[in-house]
Amino acid sequence: MMTHREKEQLIYPDDFSISFLPLCYDHICSSSEFDLSELESLFPAAVPKSDDSSKSDSRRKSLGSKPEKVHLIELRRANNTEIMLTKVKMPLSDLVSAALALDQSTLDVDQVENLIKFCPTKEEMELLKNYTGNKDNLGKCEQFFLELMKVPRMESKLRVFSFKIQFGSQVADLRKSLSTIDSSCNEIRSSLKLKEIMKKILLLGNTLNQGTARGAAVGFRLDSLLKLTDTRATNNKMTLMHYLCKVLAAKSPHLLNFYLDLVSLDAASKIQLKMLAEEMQAVSKGLEKVQLEYDASERDGPVSEIFREKLKEFTDNAGADVQSLSLLFSEVGKKADALIKYFGEDPVRCPFEQGELISLMCTSV
């Protein structure tokens with residue numbers, strides 16, 4: 001008896017009649033002990049593939065399979081890099097060109113920061129340099145790294161680009177904060193109503209302390225203003241601040257709108273000169289690094305020509321902006337110290353941030 005495998009392996013002569021084949025096949029099947037239809041329903045995987053499937057297989061073979069991609073970079077980092085690249089949506093060569101041209105219309109600061117994050121490390125660059133196979137077979141992450149490696153110190157250039165994008169807004173914010181402090185200092189020094197209220201606060205304190213060593217004070221510290229809201233009456237329903245407002249409303253109502261003289265005070269009280277100084281220093285150091293990269297890129301050759309051209313335009317203007325900002329910072333700092341001394345305080349012990357106490361009094365009144 002001939003098995004199914006043997007039946008499949010039968011070799012028919014070329015001159016065999018096509019009409020004869022089914023007769024042979026029927027003869028073999030009829031002598032079998034197995035029910036072919038039952039086998040086909042129970043074990044469909046054993047059924048020979050149809051002609052269509054065979055044609056499909058042969059078509060795939062004729063087209064040829066694509067070569068497998070070669071991945072040298074750690075899988076998770078490669079995946080994250082490829083995800084980042086899908087958000088940029090431009091050819092890798094165009095991406096690098098836009099970065100070198102410092103083109104803010106094509107790349108925003110978030111995209112540039114992502115590019116910095118996914119720049120190849122020294123170890124990854126060594127892996128790629130030592131790869132001797134067909135570079136076209138490398139994965140997308142590896143292709144991206146290779147594109148960046150064509151430009152000397154690409155990571156440094158991207159950091160320069162990020163600094164350039166943020167520079168304008170940083171300088172504008174610093175200038176605005178310094179102008180707010182400057183205006184606040186002028187308003188406080190020139191407010192006659194504030195002077196009158198300060199006198200009345202001193203008089204109130206001396207009246208409360210009458211008969212004691214503190215009852216003839218010629219002044220008070222700024223942090224004493226907090227006691228106006230902390231000190232409560234015996235009935236616990238009124239603070240000293242409430243009492244002061246009550247007296248002012250009854251005897252000097254024209255003083256109650258003194259806060260209109262101090263329109264910048266509330267905003268100024270939230271600004272810390274120490275923080276502004278740190279931001280100023282960061283901007284100055286950032287510009288120094290920009291200049292270092294500009295000088296170093298002179299040796300890069302044609303690949304950095306556009307980069308140097310665009311960067312030169314930026315540094316010429318940025319240097320003047322930082323210098324102007326430094327002068328303004330120095331002037332405002334001196335004015336803030338002078339204001340603290342005007343109130344009889346030590347600028348070291350009581351920095352400008354202490355102006356928050358005056359803002360507290362304004363809000364309460």
If you take the residues of segment 236-285 that are within 47 Å of the chain's Cα centre (by Cα) and either part of a strand (DSSP E or B) or of a type in the set (Ser, Thr, Tyr) (or both), which of them is surrounded by the fewest Cβ atoms within 10 Å (Cβ to Cβ)?
-> Ser284
Are there any pairs with C-beta distances below 7 angstrom linking a residue in segment 202-213 that is touching a residue at least 60 places away in the same chain (Cβ under 8 Å) and in a loop (DSSP other than H, G, I, E, B) to a residue that is open to solvent by less than 80 Å² (accessible area, probe 1.4 Å) and of a type in the set (Ser, Thr, Tyr), with the two at least 6 apart or on different chains, and if so which?
-> none
Being farther than 21 Å from Leu311 by Cα and surrounded by fewer than 17 Cβ atoms within 10 Å (Cβ to Cβ), is that true of even one residue in segment 164-173?
-> yes
Lys176 being of a type in the set (D, E, K, R), closer than 30 Å to Glu123 by Cβ and at pLDDT 95 or above | no
Under 8 Å between Cβ atoms, at least 6 apart or on separate chains: pull out the pairs that start in segment 240-252 with a residue that is under 15 Å from Thr207 (Cβ atoms) and touching a residue at least 40 places away in the same chain (Cβ under 8 Å) and end on any residue that is assigned to a helix (DSSP H, G or I) and open to solvent by 30 Å² or more (accessible area, probe 1.4 Å).
-> Leu244/Lys200; Val247/Lys200; Leu248/Lys200
Only one of (1) aromatic (Phe, Trp, Tyr); (2) assigned to a helix (DSSP H, G or I); (3) within 22 Å of Val247 (Cα to Cα) does not apply to Phe167, and that is (3)
Can you spot a residue in segment 138-154 that is open to solvent by 40 Å² or more (accessible area, probe 1.4 Å) and closer than 21 Å to Lys289 by Cβ?
-> yes
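For (1) β-branched (Val, Ile, Thr); (2) open to solvent by less than 50 Å² (accessible area, probe 1.4 Å); (3) under 30 Å from Met280 (Cα atoms), each residue gets a yes or a no:
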| residue | (1), (2), (3) |
| --- | --- |
| Ser179 | no, no, yes |
| Asn186 | no, no, yes |
| Gly211 | no, no, no |
| Gly219 | no, yes, no |
| Lys227 | no, no, no |
| Arg232 | no, no, no |
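The values are calculated or read from the model by the stated rules, or taken from the named source; none is laboratory data. Since the model is a prediction, treat every value here as computed from it, not as a measurement. Because the Cβ atoms are built from the backbone with ideal geometry, glycine has one as well, and the counts that use them run over all protein chains shown. SASA here: full protein model, heavy atoms, side chains in, ligands and nucleic acids out. Shrake-Rupley method; radii C 1.70, N 1.55, O 1.52, S 1.80 Å.
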